[in-house]
Amino acid sequence: MKGSEFPNDLARRAAEAVDPARVQELAQGLVRIRSVFDAELGTNETAAAEYVAEQLRALGLDPILEEAAPGRPNVICDWAGSGFDVSKHRTLMFEGHTDVVTEGDPAKWRVPPFEARVEGDVLHGRGSADMKAGVAASIAALEAVMRVAPELTGRIRLGIVADEEGMMLGIKHFINNGWADEVTGAIVAEPEENEICLFQKGAMRVHVHVTGVMSHGAMPYAGVNPVRGLADFVVAVRDYERREQARLGEHEFLGLPWLTPTVTRAPASGEAQLNVMPEQAYVALDIRTVPGQSHDEIEAELRAIAARLEAGTERLRFDIDVFESRPWTETQANDPLVRAVEAVYPAVLGSEPRYGGVPGATDGTFLWAWRSIPIVTIGPGDREIPHQVDEFVRLSDTVASARLYAAAAVTYLASDNG
Ligand SMILES: [Zn+2]
């Protein structure tokens, strides 16, 4: 503990009850499990979820495993203090995910990616930062709260879900099964350098198919070239991006909005041939949004661009499919959960609260967007390290996160809801 004062004695005791050796054991235990989802190889989150459930059963808790998809279980576990009354009191969710992205070529790693080797303060391995350290910190924090606050007037709901790195099936399943309904606030344990993140960038994923009329390359006038339509569309989207950037400026924590073409193909499928003007071309857009933008308006603008281009060229057609939409999120600075995290921050971290923004969507996006749950994203690990080789996390940062979660939880849950 550092010099600053805790806002209450229970917060101090909860923070102190976090056992660093236990945090390390949990983080290493999780990193050793290769929870990469790969349908072809048959690997998934099952073993990691079982590991989490075992740890919770050892505490006398009763975790529930629910498959979001075959072999892809969510772990859900409630603990409530003896003073808890659901009609009056708060439920704080600790949110995390068990899946990790692929390690790629293991030979490129200095330390084998699933050895979970510790060197000094550093734990190496795929998923160490994103986000097995965060999951370990959440479990350790729950243990600490159970130990020091048996009579707490609140509930902690651990939601450690599958498929954050894919389509976020886990958190969607969790919400659709009603688990989010009584949650009044959530701490999302993603690697954010232990900065308090109240904003997350939004994302839209879009397929665009441009259809023209196929013809021989020697007689382009006999057809309609979808490649030109695609090019015009890409340029128009760039102009729209510039207008949006000029309109919104740079967000303090999220930067600029972007509409980025990431994949182009012509023909849209099948073999390309130099002397054949294809019937169809394809472009994918990766759109990143900030507060002040509406995903509906963005989609409408894309359709308006397409309509203008269709009007300018006979027999040219655009099909726009927004197949994923993850809104930006913005948690109010005066939310009681934010206040609780800020109140314990200086004593745990030894500095005034530091703030950041989440560059991508997380599971928290859907808690916020679908159920209006205030979320605070904060956890151990460098923001840039996930998905790279030689991923690592500092154990001292992980312990600090666990202490912060525990102290914030008892502070937040000590007050009535409303
Ligand atoms: Zn993550």
field: First in the range 92-115 and within 16 Å of the ligand (Cβ to nearest atom), second anywhere and of a type in the set (S, T, N, Q) and modelled with pLDDT of 95 or more, Cβ under 6 Å, 6 or more apart
entry: PHE94/SER138; GLY96/SER138; THR98/SER35; ASP99/SER35; VAL100/SER35
- prompt: Has the range 168-187 got any residue that is farther than 17 Å from THR411 by Cα, within 13 Å of the ligand (Cβ to nearest atom) and crowded, with 24+ Cβ neighbours inside 10 Å?
  reply: yes
field: Identity of the residue in the range 215-267, in contact with a helix residue (DSSP H, G or I) (Cβ under 6 Å, 6 or more places away or on another chain) and assigned to a strand (DSSP E or B), that ends up nearest to GLN280 (Cα to Cα)
entry: SER215
task: Kindly state which helices (runs of 4 or more DSSP H) lie completely within the range 300-418 and contain at least 1 residues that are within 28 Å of ASN8 (Cα to Cα) and of a type in the set (A, V, I, L, M, F, W, C).
output: 336-349, 395-413
- prompt: Identify, please: which residue in the range 349-362 is among the small types (Gly, Ala, Ser) and at negative phi and is, among those, farthest from the ligand (Cβ to nearest atom)?
  reply: SER351
message: Just to be sure before I move on: is ARG12 assigned to a loop (DSSP other than H, G, I, E, B) and either in contact with a Phe, Trp or Tyr (Cβ under 8 Å, 6 or more places away or on another chain) or open to solvent by 40 Å² or more (accessible area, probe 1.4 Å) (or both) in the structure I sent?
response: no
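Condition check ((1) farther than 29 Å from GLU384 by Cα; (2) modelled with pLDDT under 95; (3) open to solvent by less than 10 Å² (accessible area, probe 1.4 Å)) across all residues:
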| residue | (1), (2), (3) |
| --- | --- |
| PHE37 | no, no, no |
| GLU40 | no, yes, no |
| ALA48 | no, no, yes |
| GLN55 | yes, no, no |
| LEU61 | yes, no, no |
| GLU67 | yes, no, no |
| THR98 | no, no, yes |
| PRO112 | no, no, no |
| GLU115 | no, no, no |
query: What single numbered condition from (1) farther than 15 Å from ILE375 by Cβ; (2) within 14 Å of the ligand (Cβ to nearest atom) fails to hold for HIS207?
result: (2)
Extreme residue, nearest to the ligand (Cβ to nearest atom), among residues of the range 150-164 that are more than 30 Å from PRO70 (Cβ to Cβ) and touching a helix residue (DSSP H, G or I) at 6+ places or on another chain (Cβ under 6 Å): GLY154
Which numbered condition GLU165 fails, given (1) within 18 Å of PHE37 (Cα to Cα); (2) part of a loop (DSSP other than H, G, I, E, B); (3) open to solvent by less than 10 Å² (accessible area, probe 1.4 Å): (3)
- prompt: Which is of a type in the set (D, E, K, R), in a helix (DSSP H, G or I) and over 20 Å from the mean Cα position of the chain (by Cα), of GLU143, GLU151?
  reply: GLU143
field: Selected residue (criterion: surrounded by the fewest Cβ atoms within 10 Å (Cβ to Cβ)) from residues of the range 188-214 that are of a type in the set (A, V, I, L, M) and in a loop (DSSP other than H, G, I, E, B)
entry: MET214
- request: Output yes when any residue across the range 319-334 is within 25 Å of LEU395 (Cβ to Cβ) and open to solvent by less than 20 Å² (accessible area, probe 1.4 Å), and no when none is.
  value: no
- prompt: Within the range 124-145, can you find the residues that are more than 16 Å from the ligand (Cβ to nearest atom) and either under 13 Å from ARG32 (Cβ atoms) or open to solvent by 10 Å² or more (accessible area, probe 1.4 Å) (or both)?
  reply: HIS124, GLU143
field: Unique match (being open to solvent by 70 Å² or more (accessible area, probe 1.4 Å) and either without any contact (Cβ under 8 Å) to a residue 12 or more places away in the chain or in contact with a strand residue (DSSP E or B) (Cβ under 6 Å, 6 or more places away or on another chain) (or both)) among GLU250, GLU279, GLU241
entry: GLU250
field: Scope the range 124-140; condition in contact with a helix residue (DSSP H, G or I) (Cβ under 7 Å, 6 or more places away or on another chain), part of a helix (DSSP H, G or I) and more than 16 Å from VAL75 (Cα to Cα); matching residues
entry: SER128, ALA133
task: Report, by residue number, each residue of the range 363-416 that is among the acidic types (Asp, Glu) and either more than 14 Å from the ligand (Cβ to nearest atom) or buried (at least 24 other Cβ atoms within 10 Å of the Cβ) (or both).
output: ASP363, ASP390, GLU391, ASP397, ASP416
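The values are calculated or read from the model by the stated rules, or taken from the named source; none is laboratory data. Computed from a prediction, not measured in an experiment: that's the story for all the values here. Neighbour counts run over all protein chains shown; Cβ positions are idealised from the backbone, glycine included. The accessibility values were calculated without ligands, DNA or RNA, using every heavy atom of the protein model including side chains. Shrake-Rupley method; radii C 1.70, N 1.55, O 1.52, S 1.80 Å.
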